[in-house]
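Worksheet for the structure shown next.
The values are calculated or read from the model by the stated rules, or taken from the named source; none is laboratory data. What you are looking at is a predicted structure, and each value in this text was computed from that prediction instead of being measured. A quick note on method: Cβ atoms are made from the backbone with ideal geometry, for glycine too, and the neighbour counts reach across all protein chains shown. The area values use the complete protein model at the heavy-atom level, side chains included, leaving out ligands, DNA and RNA. Shrake-Rupley method; radii C 1.70, N 1.55, O 1.52, S 1.80 Å.
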Amino acid sequence: MSVKLQRKASIGGIRGRTSATSEMTLDDYYHTVAKTILCNQNPLTGLFAAGKDTDHAWVRDNVYAIMAVWGLSLSYKKHLDQMENWTKCYELEQSVVKTMRGLLTCMMKQVKKVEKFKTTLSRDDALHAKYSSVTGNTAVGDNEWGHLQLDATSLYLLMLGEMTSSGLHIVYTLDEVDFVQNLIFYIEQSYMIPDYGIWERGDKTNHGYPELNSSSVGMAKAALEALNELDLFGSNGGPRSIIHVSADYIYWCHSVLKAMLPRESFSKETDASLLSIISYPAFSIGDLDLVAETKTGIITKLQGRYGLARFLRDGHKTPLENASRLHYDPHELKRFEKIECEWPLFFCYLILDGLFREDDEQVSNYCSLLEKCIIKDPEGVQIVPELYAVPPDRVEVEKNNPHSTDRIPMGRIPHMWGQSLFVLAMLVKDGFLAPGELDPLNRRLITEPKPEGFVQVCLLTDSEVIQKNLAAVNIHIQQIKDLDLIQVRSVQVLQNIYSHLGRNERLGLTGRPSFDMGPFSTSKLYTICGRTLVFTPSFMDQHTFYLASDIDYIIDRFRTYIAFLNRNWNNITGRPVVVFVLRSDIIDVDPMPKNVVQTLKKIKAGYTNGVRVHMGKLEDFINTSCVASLDFVFHEDDNEDVEEKLMELLQSSSDFNQMSTFLSYQNVDYRYQKRYRIKKLAQIRGAVKRSYSYSHPTNDGAVAQSILNPNNTDEQDDQADTNVLSHIRTDSHTLSTSNRRDSLLRDKEVHDIIALLPHAASIHDQADILHYLCMNKGIDFEFEHNGHHVTVRDLIQELYTSACKQRVWWCVRHSAGMLGMQNQSIAQSLIAILAQQKQLTIGLPPAPREHVLTSPMTVEQLYATIVTATGDDPTMVMLTQEILVFLHTFISTEPQLFTGMIRIRVGLIVQVMLGELKRTLQSTDEDTTDHLLNLSPYEIKCLLHIILSGKEFGITEYSTKPIPELADLSKQERDMRIIRNEIKDASTRKLSVHLNWADHLPEEDDDDIGKHGQWIRRRRLDGALNRVPVKFYGQVWQTLEKCKGIKIADYILYNSLTQEMTQEEIKFALRVEEALNRVPFTEYRQLIVEACVILTSIALGDARFHWDDIISIEDIVSTANGIFLQDQVASGGDATKCCASGNPCGSAASICLHFYDSAPSGRFGTINYFLRALLRILHVDETTVCAIS
C-alpha cells in the first residue's frame, strides 16, 4: 500500500500556499505526471507526440516534457525508505533515459546533415525540429518546416549534461560520444547563425526569414558550458568519452548575447522566451544588471492576467488572425496589438526564477496568478493550458482597456511544456526538491562575483642578440632552444590537432572544421603523450597575415590581449599563460625599439595596461595554469605508431625561416641595349599604382600599345611613361580582363618582361613587373628564371617576405593581395559588429558597388565579397581586412566610439582617411593614396581611432610650420614624417567636440565656434560614419505617428511603418538608415539628421502637433540655408563673399560652405535656422519660436 510522503519543508518565508497545492504529496505529483505527461510517451521511441491528433514530436517540447519526470525521480531518490519508492524512482529514471535516447537516435539518423552543416551553416542542412513519435523518422520534408532551431538542439545538450551529472547514463557507446561531440560543433557557431528560433517563425511576420535570436545564442552558450570537459560515461569513462568545447566559442556566444540583450532579435524588441536564458534552465548571463533589465522589460511589456505574451504584436491564435495562411502582411501586425494571447507557462518560469533567487514575494505573486489559470480535470488533476485568448466578441473592449477581459483557454490542454515546468516549480516550492538538485552543474552560480586574477607571461626569443640586449636592461628571458620541459609550437599545430576531435569514420564524421584558435585556446598548457606543449597566440602567426610583421602593432595587440584575458577569463580552471616570442625578423636589435623595452619593463614590474601580470619561466606556471589534455587524438583501435602520429601532428604546416632568393638583383650583361632596358622598365613602372581603386579614372590603352610596339620613338616613350606614372584607376588591370591581355602579349614580349627581373634593383620595379605578369599570364604562370623553374606566385611570395622584412607597407599589402591572403579573424570582426546591432558595408556607395552585410559569413564568403566590392584591387582588399580587424578591436574595447551608428561603411571610412591626409598635407590625390598605403598597420589603426573618436587632426606645428630637421628629406619622406607625428600627437589628444551634439550641446565658446573648418569636418566625419543622436530612430517613429510621412532624398517614410514595426525595432531603424544613405554627400547627410532632430523635437514637444501631409527634410535644410544667407547679407558675414552675393561656393547640394561650418548652437547656429525654417514651412509665426521651444 502506498505511503503518502508529506511535504518536508517549505522555501523560507513561504507559508501561505494556494489551495490548489495545499495538500499535494509526492505520490500526488506522480499521479499528475503520469496522467498529463507520461501517458503520452510512445512505448517504442520514448517520444511525446504534441497531441492525440498528431504523431509529430518536437525536440524542444520533448526535452521540456521529460524534465518534470527527471525532477520527480530526483525527489523519489531522496525518499528511498520504501521499496515502492525504489520502483517508482527507477521507472521514472528509465523513462527519462528512453526519451533522451530516443531523441539521440532520431538525430543520429541525420548524421549526414550534422556533418554537412558544420561547413555550410545552411538552413537546408539543419537537423529537423520534429520527428515522428511512432517511427523516430522525420515527420516533414527538409523544406516543409523551419527546422533550423538551434535553441532546441542546445536545450537537448544542456539537459543531457545536467542529467548525466545527476547520475543518469544516457550515452552508451563511443560512437554516440563522437556524435554528441559533433553536435557541439553544430551549435558552437550559434552566435553567428540566424535561425527560426524558439517560436519556429524567425522574423515575426512569419514569412520564413531567419534572424539571429538571443534565446538561441543564450541556450547554445549554456549547452557549451555544461558539456565542456564532461565525461558522458560518468564515473566509468576515460579520455575518449570526454566532450571538449572551445572556450573561445563560449566567449563569442557570451559577447554576442550580452550585446543583443535585452532585445530578442531585429524584429522583436523583447520576448518572453528570454526568461529561459536569464534564469532556469540556462542561466546564461552573469551580469545581474543586464538580467534585471531584460526581466523588467519582459514583464513590463508582455505580462497580463493569464500569463505573458510571447512578444509584441504576436498574432498566433488571436481572433483576428487569418488561420488560412501562415504569414502576416506587414500592415496587419498592429491589429494584434494589445490582444496577444497570454501563455501561463511563463508564470512557471518566473516562479522557478524566484525559487532559485530565494525571492519569496515573486514566488507568492506568480503562484497566485498561476492558480487562476489552472484547469482541473474530473479527477482533480491540475492542468496548465497552452494559452489564453481574447474572445472574438471582446476584441475592441480589450484594445480600449487592456487586461480587462476574461479570456478563454485555447491550444493544447494540457500543454506538456508548461505542465512540466509547473510540476518542477511545485516540487521545489513544496520542498521535495532543492533548487540545486535541478542544477547539478551549478549553472545558477554564474552570477556570483569572481575573485580578481592576473595573467602569467613568459617572454621568449629566437635570438641570442635580443637576449643579451634585454639582459643589459635587466630583463632576463629564455631562448626557445633552451626550453627543456615544455615545447613551444605555432598555433597552426593546435589547429591541426583539434581537427581530429570528433572524427568517426563509421559515422562519416570528419571532426572539427577548421577555425581560428582564439585567445582562450592559446592561453592554456596542453599535455599529449606525456609531453607538455604551449602555443603562441594567433596574432603573432606571421604565416597567415602580415600584421604580425609590424612590431608596433604586435606590442599594442599584446597589451590589449593581456587586458582581454584578465577581463574575460571566467569559469576556467587555472590562470591564463601567454607566451610572447620576440622574433629577430621583426625587431631591430640595434637599438631595441623603445616601445618594446618600455612594455617589457612594465611586464617585469607586474602591472601593465591596468592589469596585474606575473612574468616568469614556463616551468614555473605548470601548477598554476589551466592544463588541457590532447590525448583524444589517439584511439585504441588505431594501427598507427603513437610516436609517428605524434610527430606528424606536431609538424607545422609552414616554415617561415626558409626564404627563396629568386629575386636577388644580378648585375649581368643584358641581351638588349641599356637604353632599351630603361625604356622597357619605364613602360611597366606604375602597374601597381594603376591597380589602386581609390583614384581618378583615365585610359590606359596607350600603355599596352607601347609595350607591344618596341619601335616607339623617345618622345612616344616619354609620353607613355607619363601615362604609366599618372595616378589612375584602370579596369584593364583587373583579373576579369586578363584574358584579353593574354591575346595581346606575344611570347617574345613576355620573355622580354621576364628578362627584366634580374635588373630590377628596387622593390618598386620588382612589384610592377610581377604585377604585370600576374595580370596578363596568371599567378600560376611557370617559366625559367635564374636557372630555376618558378611560378609568378613563387616570386610574389618572395617579394612579400622581403617587403615584410623591410617594412615597405604598400608592397606588403599589394603582394599579399596578389597572393589572396585572408585574415582568419575577419569573420569574427563581422560578427562582433553585427552583434552590437549594427550593419557593415564594403566598397564605395552607391549600391550595387557598396555591399551591405546584414548576416554573418564565413571567412571565404566575406573575402569574396570584399574582392568584388573593391573591384579586384588587391591593395584595397588587404586594407579593408585591416580595417575590419581594427573595428573588431575597438567595438570590443571602446563600444562608446560607435554610439549612434547603426551602419559602419568601410568604403567611406577609407575616403575619410584619405581626406584627412590630403587636408593635412595639401597633397595631390596620387600622393595622398601613396601616403595612406605607406602607413604601417599600427598607424592605420591609430588613424582609424582618431576618426572614430572625433579628435582633431592636422593642427600641430608639424603640418603648419616648416621643420628645420625635415628640410634635407625628400618630399615623400618629409610628408610621411609629418603624418606619423600627427598620428602620434592626435592619438593622445582629448576630444575636441562631443561625439553627439544633440545630447551634449556645447556652451557658447567663441574660440570653438571661430575655428575655421571645425564643424564641416565634424559633419563630414559623422556623415561618413552614419552617426545619429541617441534615441533618434524612436523619435522619428513617434513623429511619423503625427504626420503622413517624412521625405528624405526622394525616399518617403510613410506613416504605415508604425503599423508594421514597433518603436524600438531594429528593422525600423534600418528603414530610416536606408533613406539617409540615399543622401550622396556626407556633410549634407548630417545636416539632414540635424533637421530631423529639430522636427522630432517640435512634434514630440507639443501634444497638439499633427500634419496631414508629407514633410520634406530637404526643404527644411534648403529653407534654413536661405534664411542663413539673408542674415549673412544683413550682418555682412563671411557668406557675402560667396553664396550670399550670388557667387555659389560650389559645395555639396548647393548649401553654402559657411552654413556647413556653423556650430549647432548660437545665434548663427544651425539649430536656430532649422527651427525658423520648419516654422515657416508649417506656416507658424516666428514670434512663437520661444513658446514652442
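Cα centroids of region 43-60 and region 383-447: 21 Å apart. Along the axis of the charge dipole computed for region 822-955 (Cβ charges of +1 for Lys and Arg, -1 for Asp and Glu, origin at the Cα centre), the listed residues 896, 885, 934 are led at the positive end by 896. I'd like the distance between the alpha-carbon centres of region 882-905 and region 466-538, rounded to an integer number of Å. So the separation of the two Cα centres works out to 30 Å.
Classified by the C-alpha gyration tensor, region 1029-1187 has a prolate form. Its axis ratio a/c, with a ≥ b ≥ c, is 1.5 or above, and a/b is larger than b/c.
Counting each DSSP H run of 4 or more residues in the chain as -39500 (n - 2.57), what helix-only mean residue ellipticity at 222 nm follows after dividing by all residues, to the nearest 500 deg cm²/dmol?
It comes out at -13500 deg cm²/dmol, rounded to the nearest 500.
For region 775-827 and region 1012-1067, what is the separation of their C-alpha centers, rounded to whole Å? If we compute the Cα centre of each part, the gap is 46 Å. Of all DSSP bridge pairs formed entirely within the chain, close to 55 percent run antiparallel. Helix 150-165 and the longest principal axis of the C-alpha atoms of the chain enclose an angle of approximately 60°. Computed over the alpha carbons of region 822-955, Rg followed by Dmax gives 14.3, 42 Å. Measuring r between the beta carbons of residue 894 and residue 399 and using R0 = 56 Å, the FRET efficiency lands at 0.80. The candidate values are [x] 34.3, 109; [y] 33.9, 116; [z] 33.4, 98; the one derived from this structure for Rg and Dmax of the Cα atoms in Å carries the label [y]. Are any of the pairs 295/338; 399/1031; 118/429 more than 31 Å apart by Cα-Cα distance, and if so, which? Table pairs above 31 Å Cα-Cα are 118/429.
Taking a ≥ b ≥ c as the square roots of the Cα gyration tensor eigenvalues, with a/c under 1.5 meaning rounded and otherwise prolate when a/b beats b/c, else oblate, which class fits region 117-163?
oblate
Seen from residue 372, the other residues with C-beta closer than 11 Å to its C-beta sum to a net charge of 0, counting Lys and Arg as +1 and Asp and Glu as -1. Packing, taken as the mean count of other beta carbons within 10 Å per residue, orders the peptides 1094-1101, 393-400 from highest to lowest as 1094-1101, 393-400.
Net charge near residue 833, counting Lys/Arg +1 and Asp/Glu -1 over other residues with Cβ under 14 Å of its Cβ?
Here the charged neighbours net out to +2.
How large is the dipole of region 23-143 about the Cα centre if only Lys and Arg carry +1 and Asp and Glu carry -1, each at its Cβ, rounded to the nearest 20 debye?
That gives region 23-143 a dipole magnitude of about 580 debye.
Between amide H atoms placed 1.01 Å from N, distances below 5 Å from residue 575 occur with 625, 626, all of them 5 or more places distant or on a separate chain. Treating the angle as unsigned and between 0 and 90°, give the value, to the nearest 10°, between the Cα long axis of helix 809-818 and the longest Cα principal axis of the chain. Roughly 60 degrees between the two axes. When you count the other C-beta atoms within 10 angstrom of each residue and take the mean per peptide, 453-459, 324-330, 1145-1151 line up highest first as 453-459, 1145-1151, 324-330.
Kindly flag which residue pairs out of 113/268; 221/258; 204/334 have an alpha-carbon separation exceeding 21 Å in this structure.
113/268
The H on the amide N of residue 1043, modeled in the peptide plane, is under 5 Å from the matching H of 1107, each at least 5 residues off or on a different chain. Rounded to the nearest 20 debye, the dipole magnitude of the chain is 940 debye, with +1 charges on Lys and Arg beta carbons, -1 on Asp and Glu beta carbons, and the Cα centre as origin.
Relative to the Cα centre, the charge distribution of region 1029-1187, modelled as +1 at Lys and Arg Cβ and -1 at Asp and Glu Cβ, gives a dipole magnitude of about 100 debye. Entry comment: accessible area of the chain is 40 Å² per residue, from protein heavy atoms only and a probe of 1.4 Å. For residue 937, the shell of other residues with beta-carbons less than 12 Å away shows a net charge of -1, using +1 for Lys and Arg and -1 for Asp and Glu.
The angle separating the long axis of helix 1113-1131 from the principal Cα axis of greatest extent in the chain is about 50 degrees.
To put it simply, the accessible area of the chain at a 1.4 Å probe is 49 percent carbon and sulfur.
Ranked by the mean number of other Cβ atoms within 10 Å of their residues, highest first, the peptides 276-284, 972-980 fall in the order 276-284, 972-980.
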